[in-house]
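S.K.: Got a structure for you, written out below as C-alpha coordinates; questions coming shortly.
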Amino acid sequence: MILNEDQAKRYARHFSLKEIGVRGQKKLLSSGVLVIGAGGLGSPAIMYLAAAGIGTLGIADFDAVDCSNLQRQVIHKTGNVGMAKTSSAENFVRDLNPDIRVRRYEQWLTPDNILDVIGDYDFILDCTDRFETKFLINDACVLAGKPFSHAGVVRFEGQAMTFVPGKGPCLRCLMGEVPHDAATCRELGVLGAAAGVLGSVQAMEAVKYLTGSGDLLCGKIFSFDGLTMKVRVHSMPGADPGCAVCGSQPRIHSLSDNRDDYLIRSCETGGDQI
Ligand SMILES: [Zn+2]
(Lines give C-alpha, C1' and ligand atoms only; values in the text may rest on other atoms or scores of the structure.)
Protein backbone atom coordinates (compact mmCIF):
# COMPACT_ATOMS: atom_id res chain seq x y z
CA MET A 1 0.00 0.00 0.00
CA ILE A 2 1.32 3.44 -0.98
CA LEU A 3 -0.13 6.44 0.83
CA ASN A 4 -1.31 9.30 -1.38
CA GLU A 5 -0.59 12.99 -0.85
CA ASP A 6 -3.81 13.62 1.07
CA GLN A 7 -3.13 10.67 3.36
CA ALA A 8 0.44 11.82 3.95
CA LYS A 9 -0.94 15.12 5.27
CA ARG A 10 -4.01 13.72 7.00
CA TYR A 11 -2.16 11.19 9.14
CA ALA A 12 1.06 13.20 9.71
CA ARG A 13 0.54 13.31 13.50
CA HIS A 14 0.31 9.52 13.57
CA PHE A 15 3.60 9.26 11.69
CA SER A 16 5.26 11.21 14.52
CA LEU A 17 4.16 8.56 17.01
CA LYS A 18 6.76 5.82 17.10
CA GLU A 19 4.03 3.38 18.22
CA ILE A 20 2.09 3.97 14.98
CA GLY A 21 4.21 5.55 12.24
CA VAL A 22 3.62 4.91 8.54
CA ARG A 23 3.61 1.15 9.11
CA GLY A 24 0.89 1.40 11.76
CA GLN A 25 -1.13 3.74 9.57
CA LYS A 26 -1.10 1.22 6.74
CA LYS A 27 -2.31 -1.41 9.21
CA LEU A 28 -5.18 0.83 10.28
CA LEU A 29 -6.13 1.54 6.67
CA SER A 30 -6.25 -2.16 5.90
CA SER A 31 -8.21 -3.09 9.07
CA GLY A 32 -11.89 -3.52 9.77
CA VAL A 33 -13.61 -2.50 13.02
CA LEU A 34 -17.25 -3.16 13.83
CA VAL A 35 -19.05 -0.70 16.13
CA ILE A 36 -22.25 -2.18 17.55
CA GLY A 37 -24.47 0.70 18.64
CA ALA A 38 -24.22 4.16 17.07
CA GLY A 39 -25.30 5.94 20.27
CA GLY A 40 -23.55 7.65 23.18
CA LEU A 41 -20.53 5.33 23.24
CA GLY A 42 -20.60 4.59 19.52
CA SER A 43 -20.60 8.26 18.49
CA PRO A 44 -17.17 9.21 19.89
CA ALA A 45 -15.82 5.78 18.97
CA ILE A 46 -16.94 6.14 15.34
CA MET A 47 -15.64 9.70 15.24
CA TYR A 48 -12.12 8.77 16.38
CA LEU A 49 -11.93 5.52 14.40
CA ALA A 50 -12.95 7.32 11.21
CA ALA A 51 -10.49 10.14 11.84
CA ALA A 52 -7.73 7.60 12.55
CA GLY A 53 -8.22 5.99 9.15
CA ILE A 54 -9.72 2.59 9.98
CA GLY A 55 -10.18 1.27 6.44
CA THR A 56 -13.50 -0.49 6.94
CA LEU A 57 -15.92 0.66 9.60
CA GLY A 58 -18.96 -1.54 10.23
CA ILE A 59 -21.80 0.24 12.01
CA ALA A 60 -24.65 -1.83 13.45
CA ASP A 61 -27.78 -0.22 14.86
CA PHE A 62 -31.48 -0.93 14.37
CA ASP A 63 -32.71 2.42 15.63
CA ALA A 64 -33.54 5.83 14.15
CA VAL A 65 -32.19 9.14 15.44
CA ASP A 66 -34.48 10.63 18.10
CA CYS A 67 -34.35 14.19 19.42
CA SER A 68 -33.58 12.84 22.92
CA ASN A 69 -30.39 11.21 21.54
CA LEU A 70 -28.77 14.49 20.51
CA GLN A 71 -27.71 15.46 24.07
CA ARG A 72 -24.94 12.83 23.91
CA GLN A 73 -24.89 11.05 20.53
CA VAL A 74 -22.72 13.68 18.95
CA ILE A 75 -22.37 12.33 15.41
CA HIS A 76 -26.12 12.76 14.81
CA LYS A 77 -27.49 16.16 13.86
CA THR A 78 -30.84 17.82 14.51
CA GLY A 79 -31.67 17.60 10.80
CA ASN A 80 -31.19 13.81 10.93
CA VAL A 81 -33.96 13.13 13.47
CA GLY A 82 -36.00 10.25 12.09
CA MET A 83 -33.16 8.96 9.89
CA ALA A 84 -31.67 5.50 10.52
CA LYS A 85 -28.69 5.90 12.87
CA THR A 86 -26.53 3.83 10.54
CA SER A 87 -27.24 6.28 7.66
CA SER A 88 -26.71 9.33 9.85
CA ALA A 89 -23.41 7.82 11.09
CA GLU A 90 -22.34 7.01 7.53
CA ASN A 91 -22.98 10.63 6.49
CA PHE A 92 -20.80 11.82 9.36
CA VAL A 93 -17.96 9.46 8.44
CA ARG A 94 -18.09 10.41 4.74
CA ASP A 95 -17.86 14.11 5.60
CA LEU A 96 -14.90 13.46 7.90
CA ASN A 97 -12.75 11.02 5.96
CA PRO A 98 -13.22 9.76 2.40
CA ASP A 99 -10.70 6.94 3.04
CA ILE A 100 -13.22 5.00 5.08
CA ARG A 101 -15.45 2.30 3.64
CA VAL A 102 -18.64 2.14 5.74
CA ARG A 103 -20.74 -1.00 5.97
CA ARG A 104 -24.15 -0.48 7.54
CA TYR A 105 -26.10 -3.13 9.45
CA GLU A 106 -29.54 -1.70 10.13
CA GLN A 107 -30.81 -4.66 12.07
CA TRP A 108 -31.04 -6.30 15.47
CA LEU A 109 -28.05 -8.48 16.08
CA THR A 110 -29.38 -11.89 17.11
CA PRO A 111 -27.93 -15.33 17.87
CA ASP A 112 -28.77 -16.19 14.25
CA ASN A 113 -26.92 -13.37 12.48
CA ILE A 114 -24.21 -11.99 14.77
CA LEU A 115 -21.51 -14.52 13.88
CA ASP A 116 -21.87 -13.70 10.18
CA VAL A 117 -21.54 -9.98 10.92
CA ILE A 118 -18.53 -10.09 13.27
CA GLY A 119 -16.71 -12.61 11.08
CA ASP A 120 -15.56 -9.88 8.67
CA TYR A 121 -13.88 -7.68 11.31
CA ASP A 122 -10.55 -7.57 13.13
CA PHE A 123 -11.89 -5.88 16.27
CA ILE A 124 -15.37 -5.31 17.70
CA LEU A 125 -16.68 -2.48 19.89
CA ASP A 126 -19.63 -3.19 22.15
CA CYS A 127 -21.28 0.24 22.39
CA THR A 128 -24.71 -1.04 23.47
CA ASP A 129 -26.43 -0.48 26.79
CA ARG A 130 -28.36 -3.72 27.37
CA PHE A 131 -26.66 -6.53 29.24
CA GLU A 132 -28.56 -9.09 27.17
CA THR A 133 -26.90 -7.67 24.03
CA LYS A 134 -23.54 -7.29 25.77
CA PHE A 135 -23.56 -10.98 26.71
CA LEU A 136 -24.60 -11.90 23.15
CA ILE A 137 -21.61 -9.94 21.81
CA ASN A 138 -19.32 -11.46 24.46
CA ASP A 139 -20.40 -15.03 23.76
CA ALA A 140 -20.25 -14.53 19.97
CA CYS A 141 -16.74 -13.05 20.18
CA VAL A 142 -15.52 -15.82 22.51
CA LEU A 143 -16.95 -18.54 20.24
CA ALA A 144 -15.58 -16.86 17.09
CA GLY A 145 -12.21 -16.00 18.67
CA LYS A 146 -12.65 -12.25 18.07
CA PRO A 147 -11.18 -9.50 20.28
CA PHE A 148 -13.59 -6.86 21.50
CA SER A 149 -13.88 -3.83 23.75
CA HIS A 150 -16.70 -3.74 26.28
CA ALA A 151 -17.87 -0.50 27.89
CA GLY A 152 -20.82 0.73 29.88
CA VAL A 153 -21.83 4.17 31.09
CA VAL A 154 -24.58 5.59 33.30
CA ARG A 155 -24.88 8.97 35.02
CA PHE A 156 -21.35 10.44 35.24
CA GLU A 157 -19.43 7.16 35.33
CA GLY A 158 -18.46 4.13 33.33
CA GLN A 159 -16.19 1.14 32.89
CA ALA A 160 -14.34 -0.50 30.04
CA MET A 161 -12.43 -3.74 29.49
CA THR A 162 -10.96 -5.53 26.50
CA PHE A 163 -11.19 -9.21 25.67
CA VAL A 164 -8.51 -10.86 23.59
CA PRO A 165 -8.97 -14.60 22.94
CA GLY A 166 -6.69 -16.73 25.09
CA LYS A 167 -5.25 -13.73 26.93
CA GLY A 168 -7.64 -12.98 29.77
CA PRO A 169 -11.14 -13.09 31.17
CA CYS A 170 -14.33 -12.47 29.21
CA LEU A 171 -17.39 -10.60 30.47
CA ARG A 172 -18.95 -13.83 31.73
CA CYS A 173 -15.82 -14.64 33.74
CA LEU A 174 -16.49 -11.42 35.64
CA MET A 175 -20.26 -11.27 35.77
CA GLY A 176 -21.43 -14.87 35.45
CA GLU A 177 -25.01 -14.66 34.27
CA VAL A 178 -26.89 -11.88 32.48
CA PRO A 179 -28.32 -9.34 34.99
CA HIS A 180 -31.72 -9.05 33.31
CA ASP A 181 -32.98 -6.48 35.81
CA ALA A 182 -30.10 -3.97 35.45
CA ALA A 183 -31.13 -0.33 35.17
CA THR A 184 -30.07 1.59 32.05
CA CYS A 185 -29.22 5.18 31.26
CA ARG A 186 -32.85 5.68 30.28
CA GLU A 187 -33.83 5.34 33.93
CA LEU A 188 -30.64 6.68 35.52
CA GLY A 189 -29.65 9.44 33.09
CA VAL A 190 -26.24 9.93 31.51
CA LEU A 191 -23.96 12.88 30.89
CA GLY A 192 -22.84 13.07 27.27
CA ALA A 193 -19.23 13.85 28.13
CA ALA A 194 -19.03 10.70 30.32
CA ALA A 195 -20.08 8.59 27.33
CA GLY A 196 -17.48 10.55 25.34
CA VAL A 197 -14.70 9.45 27.72
CA LEU A 198 -15.64 5.77 27.58
CA GLY A 199 -16.28 5.70 23.81
CA SER A 200 -12.88 7.33 23.28
CA VAL A 201 -11.26 4.66 25.47
CA GLN A 202 -12.85 2.00 23.25
CA ALA A 203 -11.52 3.65 20.08
CA MET A 204 -8.07 3.84 21.68
CA GLU A 205 -8.16 0.13 22.54
CA ALA A 206 -9.03 -0.68 18.90
CA VAL A 207 -6.15 1.44 17.54
CA LYS A 208 -3.71 -0.08 20.06
CA TYR A 209 -4.82 -3.62 19.27
CA LEU A 210 -4.56 -3.09 15.50
CA THR A 211 -1.12 -1.48 15.70
CA GLY A 212 0.23 -3.68 18.51
CA SER A 213 0.89 -0.62 20.69
CA GLY A 214 0.90 -0.29 24.47
CA ASP A 215 -1.02 -2.34 27.02
CA LEU A 216 -4.63 -3.24 26.43
CA LEU A 217 -7.31 -3.38 29.12
CA CYS A 218 -7.03 -7.13 28.89
CA GLY A 219 -7.54 -8.64 32.34
CA LYS A 220 -8.15 -5.12 33.66
CA ILE A 221 -11.15 -2.87 34.24
CA PHE A 222 -10.84 0.85 33.57
CA SER A 223 -13.29 2.82 35.68
CA PHE A 224 -14.01 6.51 35.47
CA ASP A 225 -16.13 8.69 37.77
CA GLY A 226 -16.68 12.12 36.31
CA LEU A 227 -18.19 13.53 39.52
CA THR A 228 -15.06 12.91 41.60
CA MET A 229 -12.66 12.60 38.64
CA LYS A 230 -11.38 9.32 40.08
CA VAL A 231 -9.87 7.10 37.41
CA ARG A 232 -8.83 3.57 38.32
CA VAL A 233 -7.53 0.51 36.54
CA HIS A 234 -8.30 -2.68 38.48
CA SER A 235 -6.42 -5.87 37.68
CA MET A 236 -8.74 -8.83 37.50
CA PRO A 237 -8.11 -12.48 38.17
CA GLY A 238 -7.42 -14.41 34.96
CA ALA A 239 -10.06 -16.24 32.96
CA ASP A 240 -12.44 -18.30 35.13
CA PRO A 241 -11.98 -22.02 34.41
CA GLY A 242 -15.66 -22.43 35.34
CA CYS A 243 -16.87 -19.75 32.89
CA ALA A 244 -19.95 -20.87 30.96
CA VAL A 245 -18.51 -19.83 27.60
CA CYS A 246 -14.69 -19.67 27.83
CA GLY A 247 -14.09 -22.12 30.71
CA SER A 248 -12.62 -25.62 30.53
CA GLN A 249 -16.05 -27.29 30.40
CA PRO A 250 -18.30 -24.66 28.84
CA ARG A 251 -22.10 -24.86 28.99
CA ILE A 252 -22.51 -22.59 25.96
CA HIS A 253 -21.36 -24.27 22.76
CA SER A 254 -23.56 -22.32 20.35
CA LEU A 255 -25.56 -19.11 20.55
CA SER A 256 -28.77 -20.83 19.49
CA ASP A 257 -28.51 -23.22 22.47
CA ASN A 258 -28.49 -20.22 24.76
CA ARG A 259 -30.93 -17.86 23.02
CA ASP A 260 -33.21 -17.26 26.06
CA ASP A 261 -30.29 -15.53 27.78
CA TYR A 262 -30.17 -12.84 25.10
CA LEU A 263 -33.88 -11.96 25.14
CA ILE A 264 -34.41 -8.46 26.46
CA ARG A 265 -37.04 -8.69 29.20
CA SER A 266 -36.71 -5.39 30.99
CA CYS A 267 -37.57 -2.81 28.35
CA GLU A 268 -40.87 -1.91 26.81
CA THR A 269 -39.42 -0.91 23.45
CA GLY A 270 -36.63 -3.44 23.13
CA GLY A 271 -33.63 -1.26 23.74
CA ASP A 272 -32.11 2.15 23.51
CA GLN A 273 -28.44 2.26 22.74
CA ILE A 274 -26.95 4.72 25.16
ZN1 LIG B 1 -15.18 -16.30 30.31
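S.K.: All but one of (1) under 16 Å from the mean Cα position of the chain (by Cα); (2) away from the ligand (no atom under 16 Å from the Cβ); (3) crowded, with 20+ Cβ neighbours inside 10 Å; (4) of a type in the set (Phe, Trp, Tyr) hold for Trp108, so report the exception by its number.
M.R.: Among (1) under 16 Å from the mean Cα position of the chain (by Cα); (2) away from the ligand (no atom under 16 Å from the Cβ); (3) crowded, with 20+ Cβ neighbours inside 10 Å; (4) of a type in the set (Phe, Trp, Tyr), the lone unmet condition for Trp108 is (3).
S.K.: Return a yes/no flag: does segment 156-169 have any residue that is farther than 18 Å from Asp260 by Cα, among the basic types (Lys, Arg) and either touching a Phe, Trp or Tyr at 6+ places or on another chain (Cβ under 9 Å) or crowded, with 21+ Cβ neighbours inside 10 Å (or both). Break it down stepwise before answering.
M.R.: Residues of segment 156-169 farther than 18 Å from Asp260 by Cα: 156-169.
Remaining after also requiring among the basic types (Lys, Arg): 167.
Pick out the ones that are also either touching a Phe, Trp or Tyr at 6+ places or on another chain (Cβ under 9 Å) or crowded, with 21+ Cβ neighbours inside 10 Å (or both) and you get none.
No - not one qualifying residue is present in segment 156-169.
S.K.: Which residues, counting only those in segment 81-107, are among the basic types (Lys, Arg) and outside any helix (DSSP H, G or I)?
M.R.: Initially, segment 81-107 is screened for residues among the basic types (Lys, Arg), giving 85, 94, 101, 103-104.
Arg101, Arg103, Arg104, listed by residue number.
S.K.: Follow-up question, since we're still on this one. Could you tell me whether Leu171 is over 17 Å from Gly199 (Cα atoms), within 16 Å of the ligand (Cβ to nearest atom) and either in contact with a strand residue (DSSP E or B) (Cβ under 8 Å, 6 or more places away or on another chain) or touching a residue at least 24 places away in the same chain (Cβ under 8 Å) (or both)? Give the steps one after another, and end with the answer.
M.R.: Working: over 17 Å from Gly199 (Cα atoms): yes; within 16 Å of the ligand (Cβ to nearest atom): yes; either in contact with a strand residue (DSSP E or B) (Cβ under 8 Å, 6 or more places away or on another chain) or touching a residue at least 24 places away in the same chain (Cβ under 8 Å) (or both): yes.
Criteria met by Leu171.
S.K.: Name every residue in segment 180-195 that is of a type in the set (Gly, Ala, Ser), surrounded by fewer than 22 Cβ atoms within 10 Å (Cβ to Cβ) and assigned to a helix (DSSP H, G or I), in order of residue number.
M.R.: The initial filter retains those residues of segment 180-195 that are of a type in the set (Gly, Ala, Ser), namely 182-183, 189, 192-195.
Then drop every residue that is not surrounded by fewer than 22 Cβ atoms within 10 Å (Cβ to Cβ), which leaves 182-183, 189, 192-193.
Residues satisfying the conditions are Gly192, Ala193.
S.K.: If a residue must be assigned to a strand (DSSP E or B) and either touching a residue at least 60 places away in the same chain (Cβ under 8 Å) or of a type in the set (Lys, Arg) (or both), how many such residues does segment 226-259 contain? Steps first, answer last, please.
M.R.: Residues of segment 226-259 that are assigned to a strand (DSSP E or B), as a first pass: 230-235.
Filter once more, so that each one left must be either touching a residue at least 60 places away in the same chain (Cβ under 8 Å) or of a type in the set (Lys, Arg) (or both): 230, 232.
Adding up the residues that qualify gives 2.
S.K.: Which residues, taken from segment 111-137, are modelled with pLDDT of 95 or more and either under 11 Å from the mean Cα position of the chain (by Cα) or assigned to a strand (DSSP E or B) (or both)?
M.R.: Selection gives Phe123, Ile124, Leu125, Asp126, Cys127, Thr128, Lys134, Ile137.
S.K.: Still on this structure, I have one more. Can you tell me which residue within segment 196-244, out of those that are under 23 Å from Asp129 (Cα atoms) and within 16 Å of the ligand (Cβ to nearest atom), is surrounded by the most Cβ atoms within 10 Å (Cβ to Cβ)?
M.R.: Checking each candidate, the answer is Leu217.
S.K.: Taking segment 148-170 on its own, how many of its residues are over 9 Å from Leu217 (Cβ atoms), assigned to a strand (DSSP E or B) and of a type in the set (Val, Ile, Thr)?
M.R.: Number of matching residues: 2.
S.K.: Which of the following residues is surrounded by fewer than 19 Cβ atoms within 10 Å (Cβ to Cβ) and of a type in the set (Gly, Ala, Ser): Ala51, Ala60, Ala89?
M.R.: Ala51
S.K.: Additional query: Could you check how many residues of segment 58-80 are out of contact with any helix residue (DSSP H, G or I) (no Cβ under 6 Å at 6 or more places or on another chain), closer than 17 Å to Gln202 by Cα and either free of Cβ contacts under 8 Å to residues at least 60 places away in the same chain or in a loop (DSSP other than H, G, I, E, B) (or both)?
M.R.: Narrowing segment 58-80 to residues out of contact with any helix residue (DSSP H, G or I) (no Cβ under 6 Å at 6 or more places or on another chain): 58, 60, 62, 64, 66-70, 77-79.
Those still in the list that are closer than 17 Å to Gln202 by Cα too: 58, 60.
Checking the rest, the ones that are also either free of Cβ contacts under 8 Å to residues at least 60 places away in the same chain or in a loop (DSSP other than H, G, I, E, B) (or both) come to 60.
Number of matching residues: 1.
S.K.: For segment 119-149, give me each residue that is farther than 22 Å from Ser256 by Cα and within 16 Å of the ligand (Cβ to nearest atom).
M.R.: Ser149
S.K.: Does Ile46 satisfy the condition of being within 16 Å of the chain's Cα centre (by Cα), assigned to a loop (DSSP other than H, G, I, E, B) and crowded, with 18+ Cβ neighbours inside 10 Å?
M.R.: Values: within 16 Å of the chain's Cα centre (by Cα): yes; assigned to a loop (DSSP other than H, G, I, E, B): no; crowded, with 18+ Cβ neighbours inside 10 Å: yes.
No: the conditions fail for Ile46.
The values are calculated or read from the model by the stated rules, or taken from the named source; none is laboratory data. Please read these numbers as outputs of a predicted model, since none were measured by experiment. Here Cβ is always computed from backbone atoms with ideal geometry, including for glycine, and neighbour counts include all displayed protein chains.
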